[in-house]
Each structure stands twice: as C-alpha cells, then as structure tokens.
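Enquirer: Input: one structure, supplied below.
The values are calculated or read from the model by the stated rules, or taken from the named source; none is laboratory data. This one's a predicted model, so the numbers in the text were calculated from it and none came from an experiment. Cβ sites come from the backbone with ideal geometry, for glycine too, and all protein chains shown count toward neighbours. Accessible surface is based on the protein model in full, side chains and every heavy atom, while ligands, DNA and RNA are left aside. Shrake-Rupley method; radii C 1.70, N 1.55, O 1.52, S 1.80 Å.
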Amino acid sequence: MYRFLLTPRWLALHVVVLLVIPAFVLLGQWQFGRFEERSTSSHQITGNLAAAPVAVEELTSPGGTVSTQDKYRTVLAKGTYDAGAQLLVRRRVQDKAVGFYVLTPLVTANGTGVLVNRGWVKAGSTADALPEVPAPSSGEVTVTGRLRPTETEETSGIRDRAGLPAGQVLLINTEAIGRGLPYGLLGGYVDLIEQSPAAAVAPAPVPAPDVGEGGGLNLAYGVQWWLFIGVAIGGWVLLIRREAADLKAAATAPGGPGPDEPGEGEPGPNAPSRSAEPSVPSGPSGPSGRSSAPDDSEEPSPPGESAESAEPAVSSPPGESADLRA
C-alpha cells in the first residue's frame, strides 16, 4: 500500500523534509544564542547604569581601551574644556533628525585628556552649513557621564572617509583623534549626563541607552523555529496518511478494481478470448429449416407474373369440399 512513497514525487518531498528539519534546528539555536547574549548585555548595562559613579581613571588609561563589562558605567571627570580642539561628529541621528555630536576634550589636573560628548545639535540648512554650537563652559568643571568604548568601522558600522571639512569627523576614535593633540587621551569617551557648574547653554543631552527587552524577541523566534520542526513532521505524516487513504478508497470503490482485482483495461480470468469470432444472428427459418433470406441463385419472376407460392390461401366454408372450390 505504501509503495507510492518510492515514486519520484514523494522522494523529492522526503528530501525537502530532511533538509528543512536540521535548518530549523540551527535557526532556533542561533536565536537562543542571541537571546543569551542580549539578555547578558541587558542585565550588565542595567547594572552599570545603576552603579555608583567612579573616577574615569579607574576604568581606563591613556592609550587604553574600555572593556565591554564597563560599557555605560557612570564615571566622574574633573578638568577644563579645550575649546580649541573641539570636533563635530557628523551624521548622528537624534529625535528622528540628522545632526552632530559636539565632542570636546576635557583636560584633567594630571595633564591627560578625556573626550566628552557634550550633546547633539541639529544640522544646518545645507550639508555644508555649520550648525549653531553652544560654547563649552570656561574654568574647571566636574563632569558626570556614561563611559563608552572607542568607535571603529567594525563596531559602529560607520564607514570612515577622508576629505571632511576641518573640525569634523565621522567616528569617535580616540586613537585617531589623539594623534593631533599635545596630551594623551584616555581610552574611550564619555557621554555627558550633567556637569557642575551647569552651562548656561548646552547641546541637547544624549539619551540613555535603550536596554530593550533583553532579547525577548530572540527567545520567541527560537521557540517559533523549533515549533516549525513539529509542523514539518506532522504535515509530512498527514500527507502520507491522506495519500494512502485515497488509494485505499479508490481500490474499494463500487465498480472499481479491488486490491486483488485487475485494473482498468486488464482482462479478468473468466473473460472471453479475444480471438473468438463473434456469432452472426441468423434470420427466421422457413418450414424446411432453410433461411428465408432470398437466394441470389434463384431468378426473379417476370414482371406481371406472380409465383404460385405468393397466392394467398383461401379458407373453405364449413361443409364445402375441395371439389366445389374448384
């Protein structure tokens, strides 16, 4: 009954199912991996944002880097802004508008500097027009902000290029920016949260990072991919059972060939031989047993003459003899 499973059409379906199942397994595992990564990152960022501020020098050093574990950690820095070394970071979107980050080095008492992202300003009316940028505070200030790792093309997805207007950059790359400064820069940079004393006019503050759902969507997608495995197997079995039921119903239908009967066009064991000649029905026979069909060997009677056998028989009245009829 299940010999149809070896037909080309069903063999192709078997191959598709056998390829789909491991693909769904791998996609589910990948989504679960993303869920673990994002959940770990979300918990870590949440903890760093809630942690008490520490001095920025405790988490980074001149020419050093910021570890992933310290990303968005709240830090403190004290010094004076170097307004002459201020830069504008192009193509930064905030509140669904394109603008610039205002990046100003803060020189500490020990002679090292840290890049401070003072906030965001809207772009000018044209691509070449300079935006209006509030000047940094003069004198010594204490900055509170979120520590961020240096940006690269790989980590940011932004492609750096040369030929930009003077005082503008695309990436907040501490190493590249530090080459043009007379003092060393701490690794990473700081997104300004607040400063003391507060500035009279300041760029729009950079919003806090969106922690999100901690990879909740990835978990849902992983479960969904693994549910598809059951759907694929269940659909495969259902199609096989339906095909078998259809074949069985066709075999047992009235007038249809049974499971042990010959199919359409095949002669049965009691069928007459095809070589037998069909019988020809004979016409009505006369009294002598000969056929009443006209004999081609007999000549027809002349016109006007009738055969004696053609005269109708006349019945005699009762009591008359044959001689009186003559």
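Enquirer: Just wondering, is there one or more residues in the stretch 182-192 that are at pLDDT 95 or above, among the acidic types (Asp, Glu) and under 42 Å from the mean Cα position of the chain (by Cα)?
Expert: Scanning the stretch 182-192, I find at least one residue that is at pLDDT 95 or above, among the acidic types (Asp, Glu) and under 42 Å from the mean Cα position of the chain (by Cα), so the answer is yes.
Enquirer: So which residues in the stretch 145-190 are in a loop (DSSP other than H, G, I, E, B), open to solvent by 30 Å² or more (accessible area, probe 1.4 Å) and closer than 23 Å to GLY63 by Cβ?
Expert: Once the filter is applied, which keeps residues that are in a loop (DSSP other than H, G, I, E, B), open to solvent by 30 Å² or more (accessible area, probe 1.4 Å) and closer than 23 Å to GLY63 by Cβ, the stretch 145-190 yields PRO149, THR150, THR152, ILE158, ASP160, ASN173, ARG179, GLY180, LEU181, PRO182, TYR183, GLY184.
Enquirer: Restricting attention to the stretch 192-231, report how many residues are within 18 Å of GLY145 (Cβ to Cβ) and assigned to a loop (DSSP other than H, G, I, E, B).
Expert: Adding up the residues that qualify gives 12.
Enquirer: If you scan the stretch 36-50, which residues turn out to be of a type outside the set (Gly, Ala, Ser) and either over 23 Å from LEU217 (Cβ atoms) or open to solvent by 50 Å² or more (accessible area, probe 1.4 Å) (or both)?
Expert: Selection gives GLU36, GLU37, ARG38, THR40, HIS43, GLN44, THR46, LEU49.
Enquirer: Filter the stretch 86-144 down to residues that are surrounded by fewer than 17 Cβ atoms within 10 Å (Cβ to Cβ) and of a type in the set (Lys, Arg) and give me whichever is nearest to GLN195 (Cα to Cα).
Expert: My answer is LYS122.
Enquirer: Name the residues in the stretch 14-55 that are out of contact with any Gly (no Cβ under 8 Å at 6 or more places or on another chain), over 16 Å from ILE229 (Cβ atoms) and of a type outside the set (Gly, Ala, Ser), would you?
Expert: Hits for the stretch 14-55 are VAL15, THR40, GLN44, ILE45, THR46, ASN48, LEU49, PRO53, VAL54.
Enquirer: Here is a further query. Would you check if there is a residue in the stretch 205-214 being within 30 Å of PRO22 (Cα to Cα), at pLDDT below 90 and among the aliphatic types (A, V, I, L, M)?
Expert: Looking through the stretch 205-214, none of the residues is within 30 Å of PRO22 (Cα to Cα), at pLDDT below 90 and among the aliphatic types (A, V, I, L, M).
Enquirer: Would you mind stating whether VAL116 is within 15 Å of ARG91 (Cα to Cα) and among the β-branched types (Val, Ile, Thr)?
Expert: For VAL116, the condition - within 15 Å of ARG91 (Cα to Cα) and among the β-branched types (Val, Ile, Thr) - is not met.
Enquirer: Same structure again: Please verify whether PRO205 is touching a Leu at 6+ places or on another chain (Cβ under 7 Å) and over 15 Å from LEU87 (Cα atoms), treating the condition exactly as stated.
Expert: So PRO205 fits the description; yes.
Enquirer: Being open to solvent by 70 Å² or more (accessible area, probe 1.4 Å), of a type outside the set (Ser, Thr, Tyr) and either under 30 Å from ILE240 (Cα atoms) or modelled with pLDDT of 85 or more (or both) narrows it down to one of PRO62, PRO22, so name that one.
Expert: PRO62
Enquirer: Do we find that GLU132 is over 38 Å from the mean Cα position of the chain (by Cα), more than 19 Å from LEU186 (Cβ to Cβ) and not in a strand (DSSP E or B) in this structure?
Expert: Against the criterion (over 38 Å from the mean Cα position of the chain (by Cα), more than 19 Å from LEU186 (Cβ to Cβ) and not in a strand (DSSP E or B)), GLU132 qualifies.
Enquirer: A further question on this structure: I'm checking my understanding of the structure. Among residues of the stretch 68-85 that are of a type in the set (Gly, Ala, Ser) and touching a residue at least 60 places away in the same chain (Cβ under 8 Å), which one is surrounded by the fewest Cβ atoms within 10 Å (Cβ to Cβ)?
Expert: Here the residue is ALA85.
Enquirer: Could I ask something else about it? Mind telling me which of the residues ALA220, ALA251 ends up being open to solvent by less than 30 Å² (accessible area, probe 1.4 Å), of a type in the set (A, V, I, L, M) and farther than 29 Å from GLY84 by Cα?
Expert: Selected residue: ALA251, the only one of ALA220, ALA251 that is open to solvent by less than 30 Å² (accessible area, probe 1.4 Å), of a type in the set (A, V, I, L, M) and farther than 29 Å from GLY84 by Cα.
Enquirer: While we're looking at this one, here's another question. Could you say which residue among GLY28, GLY33 is over 30 Å from VAL75 (Cβ atoms), crowded, with 16+ Cβ neighbours inside 10 Å and under 32 Å from the mean Cα position of the chain (by Cα)?
Expert: Unique residue meeting the criteria: GLY28.
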